Amino acid sequence: MKPEIPDKLYFKIGEVSKLVGVAQHVLRYWETEFPSIRPQRAGSQQRLYRRVDIEMVFIIKALLHQQGYTIAGAKKRLAQEQKKGVAENLEQSHETIAAHLSQIKSELQEIEELVNREPGGNLSVSKTRQ
């Protein structure tokens with residue numbers, strides 16, 4: 001069970017170390033091995049972790065310490081999860097676009113019917129397409 005991450009923008013490496021329960025040198029090593037952990041640097045070059053960095057550290061810790069992955073295995077697993085997430089997002093985007101296009105088509109058909117039903121037949125939509 002991971003503790004709740006306090007509500008603030010940036011965390012120093014000592015805070016992250018205590019929060020996650022791994023030594024600071026381990027965090028620095030993980031930064032070299034996992035490109036998804038990229039703390040920003042303050043003017044003093046001190047590492048400033050964001051919430052997303054801390055969440056990734058928790059995931060990596062679980063893969064390595066609880067699930068028994070090696071560093072290489074954890075990298076591979078994270079890459080697979082990232083590809084899976086990208087594919088799911090792409091699929092959702094396609095479904096959303098298809099739904100919007102279907103709605104637009106339906107609305108255009110309704111407009112065409114309204115225009116063609118004008119009393120007296122003065123207005124009509126040309127069937128020729130450009």
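The values are calculated or read from the model by the stated rules, or taken from the named source; none is laboratory data. A quick note: this is a predicted structure, and the numbers were derived from the prediction, not measured. Glycine also receives a Cβ, built like all others from the backbone with ideal geometry; neighbour counts cover every protein chain displayed.
Right, Ser93: in a helix (DSSP H, G or I) and hydroxyl-bearing (Ser, Thr, Tyr) or not?
Working: in a helix (DSSP H, G or I): yes; hydroxyl-bearing (Ser, Thr, Tyr): yes.
Yes, satisfied.
Considering only residues that are charged (D, E, K, R) and closer than 16 Å to Arg51 by Cβ, which ones fall in the range 1-30? I'd like the intermediate steps shown before the answer.
Narrowing the range 1-30 to residues charged (D, E, K, R): 2, 4, 7-8, 12, 15, 18, 28.
Correct list: Lys2, Glu4, Asp7, Lys8, Lys12, Glu15, Lys18.
Conditions tested, residue by residue: (1) over 21 Å from Lys8 (Cα atoms); (2) at pLDDT below 95.
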{"position": "Leu27", "(1), (2)": "no, no"}
{"position": "Ala42", "(1), (2)": "no, yes"}
{"position": "Gly73", "(1), (2)": "yes, yes"}
{"position": "Arg77", "(1), (2)": "yes, yes"}
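In the list Gln109, Gln82, Gln66, Gln92, which residue meets the criterion of being exposed (fewer than 10 other Cβ atoms within 10 Å of the Cβ) and out of contact with any strand residue (DSSP E or B) (no Cβ under 9 Å at 6 or more places or on another chain)?
On the way: Gln109 fails: exposed (fewer than 10 other Cβ atoms within 10 Å of the Cβ); Gln82 fails: exposed (fewer than 10 other Cβ atoms within 10 Å of the Cβ); Gln92 fails: exposed (fewer than 10 other Cβ atoms within 10 Å of the Cβ).
Exactly one residue qualifies, and that residue is Gln66.
Can you pull out the helices (runs of 4 or more DSSP H) entirely within the range 1-70 that have at least 1 residues that are within 19 Å of the chain's Cα centre (by Cα) and of a type outside the set (A, V, I, L, M)? It would help to see each step written out before you state the result.
Working: elements: 13-20, 24-33, 51-61.
Ranges flagged: 51-61.
In the set Glu81, Glu113, which member is assigned to a helix (DSSP H, G or I), over 22 Å from the mean Cα position of the chain (by Cα), modelled with pLDDT under 90 and not basic (Lys, Arg)?
On the way: Glu81 fails: over 22 Å from the mean Cα position of the chain (by Cα).
Going through Glu81, Glu113 in turn, just one is assigned to a helix (DSSP H, G or I), over 22 Å from the mean Cα position of the chain (by Cα), modelled with pLDDT under 90 and not basic (Lys, Arg): Glu113.
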